Amino acid sequence: MGNNFIAYRKLKELREAQKAGNPKAKAIIDKYMEPKADMEAISRLMDDYYSEAPIETLEQIQEPAQAEVPTNEPVPPEQIEEQAEEKAEAIVPAVEDPNGMPEAVQIDITEDLDRELDGLIDQVEVKDYAFKDYLGDKRKNALRAKKDASYFKAFDAAGRENYLNKKKDEYLHGFDGRLRDAERAHNDMDGAISKYSQMVTDLPDDEYEIDVGKAADAYGELTENESIMSAFGRTWDDADMESMKDALNDMVARYGKKNVMAVLNTIREDSNAWYGETKGRIEDSISKYGKALDGLLK
């Protein structure tokens with residue numbers, strides 16, 4: 001076919017027929033909206049569509065219009081508007097890809113997806129990697145390939161065993177401080193939650209029942225407030241305790257005792273999960289270090 005679009009008047013007529021429930025018109029519109037529409041197939045579908053009421057075919061419409069003979073007869077405004085639309089359609093074809101086929105109109109929903117995806121995907125940090133870094137890695141990998149387990153078999157077996165145990169013990173105790181800090185933070189958080197739970201329990205009962213939505217809102221309000229969370233575990237500080245008491249009283253007034261208690265229970269579970277994950281990461285590092293040594297010295 002000579003052109004890659006349907007004339008405006010025909011396209012408008014087909015869309016109206018599609019809305020009215022005409023299956024042939026729907027088939028033509030669906031075919032036309034495909035990313036790489038087959039215009040020859042569309043032409044055959046249109047010939048079939050118009051066969052019941054023969055009018056000019058798609059090919060005839062898309063042929064260059066012959067020069068019109070000017071007349072002195074007045075032209076109705078509706079006809080002028082229709083002619084202008086058809087000329088505009090002839091001048092501005094459908095968007096085409098490099099292969100000359102029409103493409104479907106691209107819908108930009110960037111703003112919506114940016115909003116919905118915010119906070120869901122972590123961007124992996126890509127550190128600078130200079131040429132000297134590449135050469136350093138190359139030397140290191142070559143050295144590792146050379147000094148494998150067979151290489152260290154030349155050293156005394158008892159001496160290797162003593163060295164292996166000493167290095168594993170040093171690496172293990174290198175995490176003592178971090179483990180103590182994590183345990184202390186976990187205990188502080190656990191004690192704080194117990195005190196806050198008692199505060200909430202002592203308040204008068206209210207009409208609020210457990211509501212998952214309200215509890216989720218209260219949880220977000222509490223945990224996303226940096227000033228409140230920085231004071232959360234500092235039960236030994238009178239000013240921090242007073243600020244926590246005010247915050248909890250306000251939340252109970254708005255969300256209810258049961259929903260605020262649900263929030264505190266969830267934070268306790270979060271604290272336990274954090275402590276378990278922190279210990280797990282350290283234990284995993286110790287295990288990998290020990291296995292690496294075993295692979296070379298045992």
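Here, each number is a calculation from the coordinates, and none is a lab measurement. Since the model is a prediction, treat every value here as computed from it, not as a measurement. FYI the Cβ positions are ideal-geometry reconstructions off the backbone, even for glycines, and counts take in every protein chain you see.
I need the peptides 236-245, 20-29 ranked by packing, meaning the mean over residues of other C-beta atoms within 10 angstrom, with the highest value on top.
20-29, 236-245
What pairs in Lys168/Lys279; Lys147/Lys291; Lys138/Lys168; Lys127/Lys279; Lys168/Lys298; Lys167/Lys298 have C-alpha atoms more than 21 Å from each other?
Beyond 21 Å between Cα atoms: Lys138/Lys168; Lys127/Lys279.
In whole Hz and in residue order, list the ³J(HN,Hα) couplings for the stretch 34-48 that follow from phi through the Karplus curve 6.51 cos²θ - 1.76 cosθ + 1.60, θ = phi - 60°; x for Gly and Pro.
Those phi angles translate into 5, x, 10, 5, 8, 5, 5, 5, 4, 4, 5, 5, 6, 4, 5 Hz.
Apply the Karplus parameterisation 6.51 cos²θ - 1.76 cosθ + 1.60, with θ equal to phi minus 60°, to every residue of the stretch 265-275 and state each ³J(HN,Hα) to the nearest whole Hz, in sequence, with x for glycine and proline.
Once θ is set to phi - 60°, the couplings for the stretch 265-275 become 5, 5, 5, 5, 5, 4, 5, 5, 5, 4, 4 Hz.
Taking square-rooted eigenvalues a ≥ b ≥ c of the alpha carbon gyration tensor, is the stretch 234-298 rounded, prolate or oblate, where a/c under 1.5 means rounded and, failing that, a/b exceeding b/c means prolate?
Taking the square roots of the gyration eigenvalues as a ≥ b ≥ c, the stretch 234-298 is prolate.
Hey, how many Å between the Cα centroid of the stretch 171-219 and the Cα centroid of the stretch 246-298?
Computed from Cα coordinates, the inter-centre distance equals 11 Å.
Subtracting the Cα-Cα distance from 0.36 nm times the residue separation, let me have the gained length for Asp206 to Asp237 in nm, one decimal.
Full extension of this stretch gives 8.2 nm more.
How high is the FRET efficiency from Lys146 to Asn272, r the C-beta distance, R0 35 Å, rounded to 0.05?
Calculated transfer efficiency: 0.15.
Mind checking the log10 I(q)/I(0) for the stretch 169-284 at q = 0.17, 0.18, 0.21 Å⁻¹? Debye, one equal scatterer per Cα, no solvent, two decimals.
Scattering profile of the stretch 169-284, log10 relative to I(0): -0.83, -0.91, -1.14.
Using θ = phi - 60° and the Karplus curve 6.51 cos²θ - 1.76 cosθ + 1.60, what whole-Hz ³J(HN,Hα) does each residue of the stretch 166-183 get, with Gly and Pro shown as x?
5, 5, 4, 5, 4, 5, 4, 6, x, 9, 4, x, 5, 5, 5, 4, 5, 5
Would you list which lysines come within 18 Å of Lys36, measuring only between C-alpha atoms, while excluding same-chain residues fewer than 8 positions from it?
Correct list for Lys36: Lys26.
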